[in-house]
Amino acid sequence: MKHPPLEILHEDNHLLVLNKPAGLPTMGVAPDRESLLTLAKKYIKKRYHKPGNVYLGILSRLDAPVTGVVLLARTSKAARRLTEQFRNRTVEKTYWALVEGIDLPPEGRCEDWLAHDERHRRMHIVGPTFTGAQQARLAYRRLAAFDDCTLLEISLETGRKHQIRIQLATWGHAILGDRKYGSTHPWPSGIALHARRLRITHPVGGNPVEFEAPVPPPWRRFTLPS
C-alpha cells in the first residue's frame, strides 16, 4: 500500500510531530512493511544526512486505522522527559470521533475496566477483579449532530489499547467504520477517529506547546467546528 508523504506538524532539534494517515501502523510491523516510524527515520536520515541508525522514540501511538497527531522524540533525553509527562498524566490528549446515533447528552464520562483478548486482537469490558483488568476513563462533549451521527470531542484520561473505540461502542455509539467494534456505517479510509490535539511541556524549553492535526479528507463533507 502506497502512503502519502509525511505531514509534518512541528519539527525542532528535540521533537518531530506528524499527522498520521489512516491505514499506516505507527510501529511494530514486519521488516518488509512500512510504518510511520520507519518513514520518519528515512525522512530524518535524508534531511540531515545522518549516517548509521537514526534515533526516534514514539511517545503517542495510534492504532493503524486512526489518524492524527503522533509525537516522536529526536533524542533520548527528550524521550525520557516526555515519558515522565505521560506517566504523570500531565499530557492533554484530545480526539475527535464521529459516532453512530444522535441521542447523546451534551457531555458525559465513560469509566470502565478493560482486558485484552489476544486471540481476537481486541479489547473487552470486564469487571475490576478480572485478571489483567485496567481502568479506562474518558470525558466527552458533543460538538455537532448530523443526520445519523454525532461529532464528539474526547479528552482521554488514560491511554489503554482501543480505549475510545470499545468504550463508545459498548455505550451504543460505535465509531463510524469501526467494524471490529460493531459499526455498520462505512468509512472511506480507516475509522472516524482522529487525534486532534496534543498539549505537552516542551522537554527542553519547558514551555507549554500544543499541536493540532487537520482532519483528513473524508471528514470535510461534514460541517465541523474550527
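Every number here is computed from the coordinates shown, using simple stated rules; none is lab data. Note that this is a predicted model, so its numbers are computed, not measured. Note that we place each Cβ from the backbone using ideal geometry, even for glycine, and neighbour counts take in every protein chain shown.
Counted by neighbouring Cβ atoms within 10 Å, the residues Lys41, Lys50 run from fewest to most as Lys50, Lys41. Counting neighbouring Cβ atoms within 10 Å and putting the fewest first, the residues His120, His194 line up as His120, His194.
Between Thr90 and His202, the simple spin-label model (points 7 angstrom out along Cα→Cβ) gives 1.6 nm.
Evaluate E = 1/(1 + (r/R0)^6) for Ile8 and Asp103, where r is the Cβ-Cβ distance and R0 equals 41 Å; express this FRET efficiency to the nearest 0.05. According to the calculation, E is roughly 0.55. Using a Gaussian network model on the chain with a 10 Å cutoff between Cα atoms, which of Gly172, Gly159, Gly127 fluctuates the most? Of the options given, Gly127 has the highest mean-square fluctuation. Taking a straight Cα-Cα cut-off under 16 Å and skipping sequence neighbours fewer than 8 places away in the same chain, the aspartates and glutamates within cross-link reach of Lys42 are Glu7, Glu11, Asp32, Glu34.
Each of Gly182, Gly159, Leu39 was placed along the dipole of the range 39-194 (beta-carbon charges, centred on the mean Cα), and the one lying farthest toward the positive end is Leu39.
Among the GluC sites (Glu not before Pro) in the range 1-100, which ones are in a DSSP loop with at most 15 other Cβ atoms within 10 Å of the Cβ? Mind listing them? Filter output for the range 1-100: Glu7, Glu34.
Here the Karplus relation 6.51 cos²θ - 1.76 cosθ + 1.60, evaluated at θ = phi - 60°, turns the backbone of the range 152-162 into coupling constants of 10, 9, 10, 9, 8, 9, 10, x, 8, 4, 6 Hz, with x for every Gly and Pro.
Near the amide H of Arg122, within less than 5 Å, lie the amide hydrogens of Asp117, all on another chain or at least 5 residues away, with H placed in the peptide plane. The helix-based estimate of mean residue ellipticity at 222 nm for the chain, built from -39,500 (n - 2.57) per DSSP H run of four or more residues and divided by its residue count, is -4000 deg cm²/dmol to the nearest 500. Looking at this model, which pairs from Lys41/Lys93; Lys77/Lys180; Lys20/Lys45 are more than 31 angstrom apart at the alpha-carbon? Table pairs above 31 Å Cα-Cα are Lys77/Lys180. Listing Glu118, Glu157 from fewest to most neighbouring C-beta atoms within 10 Å gives Glu118, Glu157.
Of the chymotrypsin sites (Phe, Trp or Tyr not before Pro) found in the range 81-186, those that fall in a DSSP loop while having at most 15 other beta-carbon atoms within 10 Å are Phe130, Phe146. If the chain linking Thr75 and Phe130 were pulled fully straight, counting 0.36 nm for each residue of separation and taking away their Cα-Cα distance, it would gain 16.0 nm. Annotation for the range 79-165: trypsin sites (Lys or Arg not before Pro) lying in DSSP loop with at most 13 further Cβ atoms inside 10 Å of their Cβ are Arg89, Arg119, Arg121. Amide hydrogen proximity for Ser60: with H placed 1.01 Å from N in the peptide plane, the residues at 5 or more positions away or on another chain lying under 5 Å are Leu71. When only the Cβ of Lys, Arg, Asp and Glu is charged (+1, +1, -1, -1), the dipole of the chain relative to its Cα centre reaches about 1000 debye. For Ala144, nonlocal amide neighbours, meaning residues 5 or more places apart or on other chains whose placed amide H falls under 5 Å from its own, are Leu151.
Note that the range 138-147 has calculated 3J(HN,Hα) couplings of 8, 10, 9, 9, 7, 9, 6, 10, 10, 4 Hz, one per residue in order, obtained from phi through the Karplus relation 6.51 cos²θ - 1.76 cosθ + 1.60 (θ = phi - 60°); glycine and proline are x. Listed values for the range 211-223 are Karplus-derived 3J(HN,Hα) couplings in whole Hz (6.51 cos²θ - 1.76 cosθ + 1.60, θ = phi - 60°), namely 10, 10, 9, x, 6, x, x, x, 6, 6, 7, 9, 7, and x replaces Gly and Pro.
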